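I have placed the structure first, in the form of structure tokens, so that the comments after it can refer back to it.
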Amino acid sequence: MSDNTILERNLLALSSRNASLSRKIGEAHSSDILKFVKSQTGLPVPIILKDGKEYFLHSRFDPGKEGERFFQVHSSGGYLVFLGFGAGYHIFPFLKRKDVSNILIIDRDVSLFKTLFSVKDLREILLDPRVHLMVDAEPEQITEYFLSSYFPAITGDLKTLPLQSRLKTEKLYFTRVIALIKELISTLADDYTVQSHFGKKWYRNTLFNLKAAGSSTSTLKPVRKALIAGAGPSLEVQIDELRNLRKGGTLISTDTALPALSAFGIIPDMVISIDCQHITYHHFMGDYPPDVPLILDLASPANLTRISSKLIFFSSGHPLSQYVSNNWRRFPYIDTSGGNVTHSAVSLANLLGAEEIYLFGTDFSYPEGKSYARSTYIYPLFSSREVRTTPLESQFFSFLLRNNNIEKEFTEDFIRYTTKPMISYKRRLEKAFENSPCKIISVPGKGLPVSAIYRKVYNKKERKIYTMIAAGKPLTDWRDFLNSYEKELTSLPKPTEPFVKYFSQLEPHRKDVWLTLLPAAAAFRREIGSVKPGVELLKMVHSWSRETLRCCREAWL
């Protein structure tokens with residue numbers, strides 16, 4: 001078989017999955033730093049000539065056997081990321097595993113692949129529907145592919161498999177790729193953990209909120225100066241400054257801070273809540289201030305919709321929430337990715353066009369061993385449980401130490417406790433400040449210092465003032481939307497293995513429907529440890545979703 005024939009067959013195989021990359025390789029010049037020698041078994045072994053050295057990418061004796069040993073050492077199912085292609089000897093054995101859901105191969109220099117494709121027949125790899133090859137990809141492209149293809153509940157765990165001989169020839173490039181993958185894995189792992197705990201609640205709550213969300217007509221006016229009240233203990237010592245700054249400002253209370261503000265005789269201008277758990281109702285046990293807008297995530301507990309006559313729903317990053325906003329009624333988007341309500345309150349203030357944002361009670365720690373400001377939900381809750389053997393002090397201390405990774409920090413005047421999740425919340429909030437076009441001031445307290453941005457020169461051109469914040473007009477009655485969504489669920493093609501092939505062949509609107517179920521799939525996988533990722537899990541969550549729809553419809557009859 002001639003070199004041109006091998007090249008054409010490889011390019012044709014690649015074009016069936018990635019036409020643009022096939023075209024780039026076909027148009028590239030052959031590499032002048034790549035050559036081949038025959039191994040003792042007669043197989044071609046690629047060698048890269050760089051900096052006066054020869055780098056053999058595989059064994060010059062028996063590359064096939066070396067690839068089998070690589071497989072035996074690293075044998076794994078799930079989502080596999082190969083760093084470095086070489087001649088693919090270390091990749092071939094993994095194609096035999098049926099529990100491999102996705103194979104991503106990352107490498108660089110299309111000229112190397114022009115030469116490689118002219119020497120070795122790689123169609124077995126290139127035609128496998130699970131394989132995706134990326135050459136000279138930018139970080140944004142790698143990120144985009146990860147986010148569109150890695151669904152831990154379905155694709156399984158992710159494993160990185162580097163071809164060390166190739167990494168030595170491109171140290172800087174692969175160091176950057178590895179750092180990017182680590183960052184992506186960390187972010188996705190945090191997101192997946194949250195999904196595994198709340199995915200079913202998000203789904204159920206969103207469906208049960210459709211009736212209230214369909215009739216909500218409240219609006220929010222723009223603000224110039226926003227005061228955000230968190231529920232940290234420092235709120236108690238900052239309350240006088242909050243009163244002083246209140247003039248000419250708009251006070252946005254987090255749901256947790258509402259009882260504390262009420263105890264100080266302060267009525268906020270609006271309240272925001274993002275927690276999907278029913279314990280959130282404890283923040284609203286007192287009389288809710290009349291005419292104060294309550295801003296709710298579409299996935300908030302449905303019982304909160306009865307609290308205020310001025311409801312404003314927003315869409316977050318939850319897939320079903322986005323689906324509802326895209327296909328039924330457009331809702332304002334508020335960022336909940338920070339994992340805490342203060343982060344979302346900052347997003348709301350930005351959306352409302354605030355030029356200045358002042359943060360109160362944002363401690364991200366337990367200063368002096370105190371969890372929350374006085375009068376917040378934890379005080380009446382623990383008081384109701386108090387008996388002689390479990391006094392309040394004991395309950396507060398147990399609440400403080402419920403985290404195994406709690407850390408103690410000594411300041412000049414007191415002890416402060418914190419946890420890794422709290423530090424993560426703080427860092428995410430600080431990162432959000434970087435993209436904020438307004439001046440953000442964190443009022444000093446006893447908590448962890450927050451690195452806010454003090455902009456001495458405010459550029460009004462950076463700020464886009466919105467005339468009002470409100471939901472758009474519903475396209476249909478909420479019942480009709482529910483019926484339409486159920487029809488879309490029912491008409492989904494039966495999932496088949498490999499999932500990556502099944503999913504890639506779906507029409508965009510059907511992909512969107514499947515995506516609405518993935519957080520619930522994560523919850524199923526956590527709750528039922530014996531269930532494996534993949535098609536069977538999809539079938540399980542699909543059945544559950546239809547039953548949930550039936551319950552929702554019956555509840556509103």
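Taken together, the values in this text are just the output of simple stated rules run on the coordinates, not laboratory data. Source: prediction; values computed, not measured. No Cβ is skipped: glycine too gets one built from the backbone with ideal geometry, and neighbour counts run over all protein chains shown.
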*Work out the length of the dipole vector of region 209-455 about its Cα centre, built from +1 on the beta-carbon of each Lys and Arg and -1 on the beta-carbon of each Asp and Glu, and round it to the nearest 20 debye.*
520 debye
*Cα-Cα over 19 Å, subset of 310/439; 159/182; 159/494*: 310/439; 159/494
*Where the centre of each part is set by its Cα atoms, how far does region 394-415 sit from region 90-156, in angstrom?*
47 Å
*asked:* For the chain, what are Rg and Dmax over the alpha carbons, in angstrom?
replied: 27.9, 89
*For region 317-332 and region 1-34, what is the separation of their Cα centres, given in Å?*
42 Å
*asked:* Between residue 397 and residue 264, how high is the FRET efficiency from 1/(1 + (r/R0)^6) when r is the Cβ-Cβ distance and R₀ = 30 Å? Nearest 0.05.
replied: 0.70
*What does the helix-only formula give at 222 nm for the chain: each DSSP H stretch with n ≥ 4 adding -39500 (n - 2.57), the total divided by the residues, and the result rounded to the nearest 500 deg cm²/dmol?*
-13000 deg cm²/dmol
*Under a plain spin-label model, where a point goes 7 Å from the Cα along Cα-to-Cβ, how far apart in nm are residue 388 and residue 476?*
6.4 nm
_Just want the answer: with Cβ charges of +1 for Lys and Arg and -1 for Asp and Glu, which residue in 346, 399, 424 is farthest toward the dipole's positive end in region 337-430?_
399
*Can you give the % of DSSP beta bridges in region 209-455 that are antiparallel, to the nearest 5?*
25 percent
*Cα centroid separation - region 516-557 against region 38-88, whole Å*: 42 Å
_Rounded to 5, percent antiparallel among DSSP beta bridges of the chain_ = 30 percent
*Between 0 and 90°, nearest 10: helix 63-74 axis offset from the chain longest Cα axis*: 20 degrees
*Under a straight-distance cross-link criterion of Cα-Cα below 16 Å, which aspartates and glutamates are reachable from residue 114, leaving out those fewer than 8 residues away in the same chain?*
3, 8, 27, 32, 136
*Among the DSSP beta bridges whose two residues both lie in region 323-447, what percent are antiparallel, rounded to the nearest 5?*
65 percent
*Taking a temperature of 10 °C and a viscosity of 1.306 mPa s, what whole-number D in µm²/s does Stokes-Einstein yield for region 476-555 with Rh from Kirkwood over alpha carbon pairs?*
118 µm²/s
*Give me the number: length gained by fully extending residue 405 to residue 546, i.e. 0.36 nm times residue separation minus the C-alpha to C-alpha distance, one decimal in nm.*
46.8 nm
*Rg to Rh ratio, region 128-253, alpha-carbon atoms and Kirkwood radius?*
1.16
*Under 5 Å, built H, 5+ apart or other chain: amide partners of residue 131*: 103
*Give the Rg (one decimal place) followed by the Dmax (whole number) of region 262-414, computed from C-alpha coordinates and expressed in Å.*
17.9, 55
*Which trypsin sites (Lys or Arg not before Pro) in region 323-390 pass both tests, a DSSP loop state and at most 13 other beta-carbon atoms within 10 Å?*
385, 388
*Starting from the Cα-Cα distance between residue 246 and residue 413, subtract it from 0.36 nm times their residue separation and give me the gain in nm to one decimal.*
57.2 nm
*Using R₀ = 30 Å, calculate the FRET efficiency as 1/(1 + (r/R₀)^6) where r is the Cβ-Cβ separation of residue 281 and residue 515; round to 0.05.*
0.55
*asked:* Using the basic label-point model (7 angstrom from Cα toward the beta carbon), what is the residue 330 to residue 221 distance in nanometres?
replied: 2.4 nm
*Longest to shortest principal axis, alpha-carbon extents of region 3-191, angstrom*: 46, 35, 33
*Give the relative contact order (percent, whole number) for region 476-555; include only Cα pairs under 8 Å separated by 6+ residues.*
35 percent
*Which trypsin sites (Lys or Arg not before Pro) does region 76-116 hold that lie in a coil by DSSP with at most 12 other beta carbons within 10 Å?*
98
*Amide H contacts under 5 Å for residue 358, placed H, 5+ residues apart*: 226, 227, 228, 441
*Computed FRET efficiency, Cβ-Cβ of residue 141 and residue 291, R0 56 Å: what is it to the nearest 0.05?*
0.70
